[in-house]
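Asks: Take a look at this one; I'll ask things after.
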Ligand code: 6PG
């Protein structure tokens, strides 16, 4: 479990982009599952600001690790955030964007998207494999939309499940631990001091953390796991 700590979000986004460009160069077509929430916004803004051609966006196929069950026009929609910050500014072919349909019935969409992953991705031992799984972490230790109060969803045999936000009750579609840990590369983008306590727990008491926090259960079989953090999120670590 590698960590890279940056003094600013700008430095983090630049370094993460260098890492991402290397992954794109390695593949003819790269598949990425995006995270949502607020952390990726600055990354997508940075990608949108890059000179034309710096990244060959036609080589990237976009999926999501989770989505809120709202219409794609809703301000809560991870797809809407990504469209506004990225797709409206860079030439991603529409056929390379596979959004989770938040407007649909949550259980039906979990089935539909799970089948889509089986169809669209390479698989190893019957499990669809992303090249990159991009994750955030909530201050409660959730990741994707697997929350601590629904830990059993992490171990589901399904590709995608219907989840529920513990506070708002909002329904979510989320990939499961099976999909996350099958990914070739898993990267966390975690910033802000409100994440520091969970980051410390995950890095310094992993056994305990794995009982409580879904984010602690991210252990890709590939061994390729990097936490990109700012100094605030890493602030409580004994060895920053
Ligand atoms: C979502 C995300 C979720 C997010 C964390 C961190 O749909 O909200 O996928 O898992 O990554 O909640 O969110 P912030 O980046 O807003 O802190």
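Asks: Within segment 223-240, does at least one residue satisfy the condition of being in a loop (DSSP other than H, G, I, E, B), in contact with a strand residue (DSSP E or B) (Cβ under 7 Å, 6 or more places away or on another chain), at pLDDT below 95 and more than 14 Å from the ligand (Cβ to nearest atom)? First the steps, then the outcome.
Replies: Of all residues in segment 223-240, those in a loop (DSSP other than H, G, I, E, B) come to 223-224, 231-240.
Still in the list and also in contact with a strand residue (DSSP E or B) (Cβ under 7 Å, 6 or more places away or on another chain): 224, 231, 233-234, 240.
Narrowing further to those that are at pLDDT below 95: 240.
Okay, now just the ones that are also more than 14 Å from the ligand (Cβ to nearest atom), so 240.
Scanning segment 223-240 turns up at least one residue that is in a loop (DSSP other than H, G, I, E, B), in contact with a strand residue (DSSP E or B) (Cβ under 7 Å, 6 or more places away or on another chain), at pLDDT below 95 and more than 14 Å from the ligand (Cβ to nearest atom).
Asks: Here's a follow-up. Could you look through segment 55-81, keep only residues that are assigned to a strand (DSSP E or B) and without any contact (Cβ under 8 Å) to a residue 40 or more places away in the chain, and pick out the one that is nearest to the chain's Cα centre (by Cα)? So that I can check it myself, show each step before the final result.
Replies: First, the residues of segment 55-81 that are assigned to a strand (DSSP E or B): 60-64, 66-68.
Pick out the ones that are also without any contact (Cβ under 8 Å) to a residue 40 or more places away in the chain and you get 60, 62, 64.
On the way: 60: 15, 62: 11, 64: 7 Å.
Taking the candidates together, the pick is 64.
Asks: Looking at segment 137-156, can you tell me whether even one residue there is more than 16 Å from the ligand (Cβ to nearest atom) and either closer than 20 Å to residue 41 by Cα or assigned to a loop (DSSP other than H, G, I, E, B) (or both)?
Replies: We begin by selecting, within segment 137-156, every residue more than 16 Å from the ligand (Cβ to nearest atom); these are 152, 155-156.
Checking the rest, the ones that are also either closer than 20 Å to residue 41 by Cα or assigned to a loop (DSSP other than H, G, I, E, B) (or both) come to 156.
Yes: one or more hits.
Asks: Checking residue 63 against (1) within 14 Å of the ligand (Cβ to nearest atom); (2) farther than 19 Å from residue 187 by Cβ; (3) touching a strand residue (DSSP E or B) at 6+ places or on another chain (Cβ under 9 Å), only one condition comes out false. Which one?
Replies: Unmet condition: (2).
Asks: For residue 100, indicate whether it is in contact with a strand residue (DSSP E or B) (Cβ under 6 Å, 6 or more places away or on another chain), within 15 Å of residue 144 (Cα to Cα) and within 11 Å of the ligand (Cβ to nearest atom). It would help to see each step written out before you state the result.
Replies: On the way: in contact with a strand residue (DSSP E or B) (Cβ under 6 Å, 6 or more places away or on another chain): yes; within 15 Å of residue 144 (Cα to Cα): yes; within 11 Å of the ligand (Cβ to nearest atom): yes.
Yes, satisfied.
Asks: Further, regarding this structure: Could you tell me which of the residues 90, 161 is modelled with pLDDT of 95 or more, assigned to a strand (DSSP E or B), away from the ligand (no atom under 11 Å from the Cβ) and in contact with a helix residue (DSSP H, G or I) (Cβ under 6 Å, 6 or more places away or on another chain)? Before you say what the answer is, go through the steps one by one.
Replies: Working: 90 fails: assigned to a strand (DSSP E or B).
161 is the lone residue from the list that is modelled with pLDDT of 95 or more, assigned to a strand (DSSP E or B), away from the ligand (no atom under 11 Å from the Cβ) and in contact with a helix residue (DSSP H, G or I) (Cβ under 6 Å, 6 or more places away or on another chain).
Asks: Against the definition (under 17 Å from the mean Cα position of the chain (by Cα), at pLDDT 95 or above and either within 16 Å of the ligand (Cβ to nearest atom) or more than 29 Å from residue 216 (Cα to Cα) (or both)), how does residue 44 come out, yes or no? Give the derivation first.
Replies: Numbers: under 17 Å from the mean Cα position of the chain (by Cα): yes; at pLDDT 95 or above: yes; either within 16 Å of the ligand (Cβ to nearest atom) or more than 29 Å from residue 216 (Cα to Cα) (or both): yes.
Here the answer is yes, as residue 44 does meet what is asked.
Asks: List the pairs whose first member sits in segment 130-157 and is farther than 19 Å from residue 77 by Cα, whose second member is more than 14 Å from the ligand (Cβ to nearest atom) and assigned to a loop (DSSP other than H, G, I, E, B), and whose Cβ atoms are under 6 Å apart, counting only residues at least 6 apart or on separate chains?
Replies: These pairs meet every condition: 130/183; 131/184.
Asks: Give segment 58-75 a look and list any residue that's more than 30 Å from residue 169 (Cβ to Cβ) and surrounded by fewer than 19 Cβ atoms within 10 Å (Cβ to Cβ), or say none.
Replies: Taking segment 58-75 first, the residues more than 30 Å from residue 169 (Cβ to Cβ) are 58-61.
Within segment 58-75, 58, 59 meet the criteria.
Asks: Further question: From the list 52, 84, which residue is assigned to a loop (DSSP other than H, G, I, E, B), out of contact with any strand residue (DSSP E or B) (no Cβ under 8 Å at 6 or more places or on another chain) and at pLDDT 95 or above?
Replies: Values: 84 fails: assigned to a loop (DSSP other than H, G, I, E, B).
52 is the lone residue from the list that is assigned to a loop (DSSP other than H, G, I, E, B), out of contact with any strand residue (DSSP E or B) (no Cβ under 8 Å at 6 or more places or on another chain) and at pLDDT 95 or above.
Asks: Just wondering, is there one or more residues in segment 148-158 that are closer than 24 Å to residue 24 by Cβ and either in contact with a strand residue (DSSP E or B) (Cβ under 7 Å, 6 or more places away or on another chain) or exposed (fewer than 13 other Cβ atoms within 10 Å of the Cβ) (or both)? Spell out how you get there, then give the answer.
Replies: In the first step, residues of segment 148-158 are kept if they are closer than 24 Å to residue 24 by Cβ; the result is none.
No: zero hits.
Asks: If you don't mind, another one. Take residue 202 and tell me if it is assigned to a helix (DSSP H, G or I), closer than 20 Å to residue 152 by Cβ and within 12 Å of the ligand (Cβ to nearest atom).
Replies: Details: assigned to a helix (DSSP H, G or I): yes; closer than 20 Å to residue 152 by Cβ: yes; within 12 Å of the ligand (Cβ to nearest atom): no.
No, not satisfied.
Asks: Quick check on segment 27-39: of everything there that is surrounded by 16 or more Cβ atoms within 10 Å (Cβ to Cβ) and farther than 18 Å from residue 175 by Cα, which residue is nearest to the ligand (Cβ to nearest atom)?
Replies: 39
Asks: Working only within segment 213-240, note down all residues that are under 19 Å from residue 124 (Cβ atoms) and buried (at least 23 other Cβ atoms within 10 Å of the Cβ).
Replies: Selection gives 218 alone.
The values are calculated or read from the model by the stated rules, or taken from the named source; none is laboratory data. Treat the numbers as computed from the prediction; the structure is a model and nothing was measured. Here Cβ is always computed from backbone atoms with ideal geometry, including for glycine, and neighbour counts include all displayed protein chains.
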